[in-house]
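Quick note: the coordinates plus some simple rules give every number you see, no bench work behind them. Source: prediction; values computed, not measured. Neighbour counts are summed over all protein chains in view; Cβ atoms, including those assigned to glycine, are modelled from backbone coordinates with ideal geometry.
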Amino acid sequence: METQQQSRPRKPGDHLRHWRQQRRLSQLDLALDAEISTRHLSFIETGRASASRDMLLRLAERLEIPLRERNHLLLAAGFAPLYPERGLDDPAMASVRMAIEALLKAHAPFPALAIDRHWRMVMANDAVTPLLASVAPHLLNGPVNALRVSLHPEGLAPRILNLGEWRHHLLERLKHQIAETGDPTLSDLLVELTAYPAPVLDAGPVSADGAIAVPLRLQSDTGVLSFLSTTMVFGTPRDVTLSELAVETFLPADAATAGALRRLIPA
């Protein structure tokens, strides 16, 4: 958190310039999209003109700035934050928590978990636990980081048969997330993960068998389990916590995996 505080711009114009450059937009591009003059945008970025709250929110929307950072933009300009940030244990989030729990339970006997913005597991269904049986205890103490558990040499990595392509898939997702959010905690996580041992013969981004999606092929006590993963996020969130939650689901990629999971986690 301290690193993030130090790296965040102090003035509203600096915030906007940072995110405009992050999105690789010129002042002209953003001005046209926001329907304002390039001159006015330039004045806002340099501090020669003060933007109204509505103008800041319009620019933030065009730049697709994360809700957490929109609040910091408003604070930098002297306005109150717009988007609340409530934990999942907050009474106001009860309906959200119930929805996620119902979704995870409905996905059983196939694995599904909910993660926060830093890939920490906040909820999971019963099908996840057996898959983590061989993971070192220190990786499961405290907040469990799904990426660390997947790629750490004492995590699932030794059991992932296509570790090269799965590792590439996860790291590319993380790089994309860093580009979208500018989150230094995720940047630190990327440095950590890339330092883990990688397969000598890396399969790369393209599956050798011509599959249309990258599977997760996991060696288990019952044989090889093959999964296809999907990610779900909440549409049009108005809460910071909700905007940063994602539900990761793993579907069986073949009949053998589906049968093995049904025997492992009976309904």
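Listed values, structure above:
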item: Per-bin percent of Cα-Cα distances, segment 2-76 [5 Å]; result: 3, 17, 31, 29, 14, 5, 2, 0
item: R0 of 35 Å, Cβ-Cβ distance GLU85-THR46: FRET efficiency to nearest 0.05; result: 0.70
item: Relative contact order %, segment 224-267, counting alpha carbon pairs below 8 Å whose residues are six or more apart; result: 45 percent
item: Inter-centroid distance (Cα atoms) of segment 94-127 relative to segment 42-77, Å; result: 34 Å
item: Net length gained if the chain between LEU190 and VAL224 were fully extended (0.36 nm per residue, minus Cα distance); result: 9.4 nm
item: Net charge of neighbours whose Cβ lies under 10 Å from the Cβ of LEU189, counting Lys and Arg as +1 and Asp and Glu as -1; result: -2
item: Residue-count net charge about ALA136 - beta-carbon cut-off 11 Å; Lys, Arg +1, Asp, Glu -1; result: 0
item: Exposed-site-free run, longest, the chain (rule: trypsin sites (Lys or Arg not before Pro); DSSP loop; at most 16 other C-beta within 10 Å); result: 87-237
item: Gained length - PHE234 relative to ARG120, 0.36 nm times residue gap less alpha-carbon distance; result: 39.3 nm
item: Farthest positive-ward along segment 2-76 dipole, Cα basis, beta-carbon charges - from PRO66, GLY47, SER26; result: GLY47
item: Vicinal HN-Hα couplings computed from phi for segment 153-162 (Karplus, 6.51 cos²θ - 1.76 cosθ + 1.60; Hz; Gly/Pro x); result: x, 9, x, 7, 3, x, 9, 7, 6, 10
item: Amide H partners (placed H, <5 Å) of VAL224, local residues excluded; result: none
item: Length-normalised contact order of the chain in % [C-alpha pairs under 8 Å, at least 6 apart]; result: 19 percent
item: Net +/- balance of residues flanking ALA92 in space, Cβ distance below 13 Å, scoring K and R +1, D and E -1; result: -1
